[in-house]
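Structure first, commentary second.
The values are calculated or read from the model by the stated rules, or taken from the named source; none is laboratory data. Remember, predicted model here, so these are calculated numbers, not experimental data. Ideal geometry is used to build each Cβ from the backbone, glycine not excepted, and the neighbour counts take in all protein chains shown. What goes into the accessible areas is simple: the full protein's heavy atoms, side chains included, and nothing from ligands, DNA or RNA. Shrake-Rupley method; radii C 1.70, N 1.55, O 1.52, S 1.80 Å.
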Amino acid sequence: MDKGDNDDDSVIITSDIFENLWMSCAVDSTGNFNCWNFQSMLALPGYIQACRALMITSIVLGTFGLAATLVGMQCSKIGGENYVMKGRIAGTGGVFFILQGLCTMIAVSWYAFNITQEFFDPLYPGTKYEIGEGLYIGWSSATMALCGGSCLLCSCGMRSPEEEKRQSHLQNFRSYSYQPQSRHTIQTVSATSNVPSSQYGLSAYV
């Protein structure tokens, strides 16, 4: 009898179950998390595999966009002082950010569409899930990436060709203005300055 009571006292009720692209987790009534990875990648539905590929592509594009933006910033010393080229590199970073936002938006929206479709399907035999916090974070990050990439691309593309030409001339003027004088010029000046003194002899003062 005591054993049965102890068994009844040790019953733990699962309070929450959630899944993502990589694992499935459950939270019991005591607050403990129990997670397990999906056993087979090929056994997963096609949309989960596609969402995985899109999210990995998004991370790679975001990394390239961040690197290109850091190189293309005018305040950075990377890449020298060729501001026209640095502006083009920054614009390329904006394109990478836009592509990152598109990949994230497609993956998150596709995953949310399948969740809602399974939830409202009365004939679906599996476990039905609702939209969690991770999807809202994904939508927010995709929107920020799209907005940031668009602003970066527009700010680099607003320069007219005349302004870029003027900036290149200014850069060339800076490079030429700081060049030191050659030794030949200095010797010529010193030679011409010594010519008047060599023309006079001792008889000139008599």
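The set of residues from segment 59-91 being part of a helix (DSSP H, G or I) and farther than 30 Å from GLY134 by Cβ comprises VAL71, GLY72, TYR83, VAL84, MET85, LYS86, GLY87, ARG88, ILE89, ALA90, GLY91. Please work out if CYS51 is surrounded by 14 or more Cβ atoms within 10 Å (Cβ to Cβ), touching a Phe, Trp or Tyr at 6+ places or on another chain (Cβ under 6 Å) and of a type in the set (A, V, I, L, M, F, W, C). For CYS51, the condition - surrounded by 14 or more Cβ atoms within 10 Å (Cβ to Cβ), touching a Phe, Trp or Tyr at 6+ places or on another chain (Cβ under 6 Å) and of a type in the set (A, V, I, L, M, F, W, C) - is met.
Which residue pairs have Cβ atoms closer than 6 Å, lie 6 or more positions apart in sequence or on different chains, and pair a first residue in segment 57-72 that is among the β-branched types (Val, Ile, Thr) with a second residue that is not in a helix (DSSP H, G or I)? Hits for this filter: VAL71/ILE78; VAL71/GLY79. Of the listed requirements (1) open to solvent by less than 70 Å² (accessible area, probe 1.4 Å); (2) of a type outside the set (Val, Ile, Thr); (3) within 22 Å of the chain's Cα centre (by Cα), LEU102 misses just one: (1).
Picking from residues in segment 121-138 that are among the hydrophobic types (A, V, I, L, M, F, W, C) and modelled with pLDDT under 90, the one that is surrounded by the fewest Cβ atoms within 10 Å (Cβ to Cβ) is LEU123.
Just checking, does segment 33-41 include any residue being in a strand (DSSP E or B) and closer than 23 Å to TYR136 by Cβ? Yes, that holds for at least one residue.
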